[in-house]
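Notes follow the structure.
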Amino acid sequence: MAKQDVDTLVDDTQDGAGSDPRVYELGFHLDPDLPVEEVKKAYSGVREFIFGKGTIVAEGGPQKIQLAYTISRQETSGRRDFDSAYFAWVVYEAPAENHAKIISMASEDKKIIRFIDLLTTKDSARHSAEMRELSLKTPEPAEAAEEAAGAELDAALENVVV
């Protein structure tokens, strides 16, 4: 079994990391080939695990996105490439030992193709949640409407008889 890609930018050996809770953000990509119901179950499973080990501060449910670059992973059936994924994130507060358990869970979950875990703050997490809400409420850019109108115009011009 190949070890999963992980970017961890947290060092719990630093001073002050003892048993005091710290705030972390786990961002993760879920397999894009999962059915929507399985994506929801996978996200809920991660969320429930984190909830059992700490306090959830903010979160962003899974959304399918195009990746900036291809992620490759070696599986038992061979190499598998991903150009898209469901991205989700959970900001949580937990002591270092529970943080380590959460990282271990994310590493072992085969539905997660890549994750990153960061040390953050509650204020930053709340700001991220607010920005996500704003982006979800923002209407589609006018360019898409202009492109559609342009395509209709092009089609009409092709049918013009001179």
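Values as computed for the structure displayed
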| quantity | calculated |
| --- | --- |
| Global form of region 57-143, assessed from the alpha-carbon gyration tensor, a/c cut-off 1.5 | oblate |
| Fewest-first sequence of Arg126, Arg22 by Cβ atoms within 10 Å of each Cβ | Arg126, Arg22 |
| Packing-based exposure ordering (other Cβ within 10 Å, fewest first) of Glu37, Glu97, Glu25 | Glu37, Glu97, Glu25 |
| Packing rank of 112-120, 76-84, 100-108, 42-50, where each peptide gets the mean count of other beta carbons within 10 Å, highest leading | 112-120, 42-50, 100-108, 76-84 |
| Environment charge at Lys41 (Cβ cut-off 14 Å; Lys +1, Arg +1, Asp -1, Glu -1) | -1 |
| Of Lys53/Lys137; Lys40/Lys110; Lys53/Lys122; Lys41/Lys122; Lys41/Lys64, pairs whose Cα-Cα distance is over 21 Å | Lys53/Lys137; Lys41/Lys122 |
| At R0 = 30 Å, FRET efficiency that the Cβ-Cβ distance of Thr70 and Thr138 yields, to 0.05 | 0.60 |
| 5 angstrom amide H check on Leu34, placed H, neighbours 5+ away | none |
| Residues Val57, Val90, Val36 arranged by fewest to most Cβ contacts within 10 Å | Val36, Val57, Val90 |
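Readers should treat all values here as calculations from the given coordinates under stated rules, not as data from a laboratory. Predicted model, so just to flag it, every value in this text is computed and none were measured. Neighbour counts run over all protein chains shown; Cβ positions are idealised from the backbone, glycine included.
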